[in-house]
1. Determine, yes or no, whether GLY99 is touching a helix residue (DSSP H, G or I) at 6+ places or on another chain (Cβ under 9 Å), surrounded by fewer than 19 Cβ atoms within 10 Å (Cβ to Cβ) and among the small types (Gly, Ala, Ser).
2. Among the residues of segment 50-71, is there at least one that is open to solvent by 70 Å² or more (accessible area, probe 1.4 Å) and at positive phi?
3. Out of (1) within 12 Å of the chain's Cα centre (by Cα); (2) in a strand (DSSP E or B); (3) over 19 Å from ARG20 (Cα atoms), what's the single condition that is false for HIS94?
4. Please tell me if GLY80 is open to solvent by 20 Å² or more (accessible area, probe 1.4 Å) and more than 16 Å from the ligand (Cβ to nearest atom).
5. Can you tell me which residues in segment 102-150 are within 16 Å of the ligand (Cβ to nearest atom), open to solvent by less than 10 Å² (accessible area, probe 1.4 Å) and at pLDDT 95 or above?
6. Report every pair of residues separated by at least 6 positions or lying on different chains whose Cβ atoms are under 6 Å apart, first residue within segment 125-136 and closer than 12 Å to GLY63 by Cα, second away from the ligand (no atom under 11 Å from the Cβ).
7. With respect to LEU13, is the statement that it is within 16 Å of the ligand (Cβ to nearest atom) and over 12 Å from LEU131 (Cα atoms) true?
Amino acid sequence: MSYLQDLYQEIILDHNKRPRNCGKLDCATCQANGYNPLCGDKITIYLRLEGDRVQECTFEGNGCAISTASASLMTEIIKGKTIDEVKELFERFHDLVTGQEELDELKAGLGKLQALAGVREFPMRVKCATLAWHTLNAALRSEETPVSTE
Ligand code: ZN
């Protein structure tokens with residue numbers, strides 16, 4: 001168990017230090033801004049959709065390690081997925097980090113996102129971990145007003 005925890009810690013640290021898909025996406029078809037006032041995390045999500053499939057997703061942000069790592073992991077896992085698949089993934093990820101479901105049932109398909117399961121012990125951190133996903137949802141709905149976790 002502690003080996004796994006170390007591994008997950010590694011993933012978060014690595015994605016915080018070297019965020020993937022970080023930067024503005026010039027050819028984005030939709031984007032949204034998100035803000036988590038509890039922690040001060042700010043993020044912009046850029047998406048390029050082709051039909052209902054995510055071709056590219058990048059982010060720009062200024063936030064804590066959890067919010068940055070979560071955004072980085074998210075941009076990796078949603079690439080190539082359809083909007084429906086992305087929504088389903090978000091629901092499962094949300095259940096994972098809020099602890100509403102038993103962990104084992106959720107493991108399939110979440111991949112490295114499981115690294116963030118530990119935030120369920122820290123309710124304040126749940127908002128850091130889900131900010132990128134809420135912002136992604138807003139981008140998919142093409143909302144103009146910035147989303148807030150509050
Ligand atoms: Zn945060």
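The values are calculated or read from the model by the stated rules, or taken from the named source; none is laboratory data. What you see is a predicted model; the values in this text were computed from it and never measured. Here Cβ is always computed from backbone atoms with ideal geometry, including for glycine, and neighbour counts include all displayed protein chains. Please note that ligands, DNA and RNA were not included when accessible areas were found on the heavy atoms of the full protein model with its side chains. Shrake-Rupley method; radii C 1.70, N 1.55, O 1.52, S 1.80 Å.
1. Working: touching a helix residue (DSSP H, G or I) at 6+ places or on another chain (Cβ under 9 Å): yes; surrounded by fewer than 19 Cβ atoms within 10 Å (Cβ to Cβ): yes; among the small types (Gly, Ala, Ser): yes.
In short, yes.
2. Quick first cut of segment 50-71, residues open to solvent by 70 Å² or more (accessible area, probe 1.4 Å) only: 50-53, 60, 62.
Add one more test, that the residue is at positive phi, and what stays is 51.
Yes, there is a match, as at least one residue in segment 50-71 is open to solvent by 70 Å² or more (accessible area, probe 1.4 Å) and at positive phi.
3. (2)
4. The answer is yes for GLY80.
5. CYS128, ALA129, THR130, LEU131, ALA132, TRP133, THR135
6. Note: pairs meeting the criteria are ALA129/VAL97; ALA129/LEU116; LEU131/GLY34; ALA132/MET74.
7. Criteria met by LEU13.
Condition check ((1) in contact (Cβ under 8 Å) with a residue 60 or more places away in the chain; (2) open to solvent by less than 40 Å² (accessible area, probe 1.4 Å); (3) over 21 Å from ARG141 (Cα atoms)) across all residues:
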residue	(1), (2), (3)
LEU13	no, no, yes
LEU25	no, yes, no
ALA32	yes, yes, no
PRO37	yes, no, yes
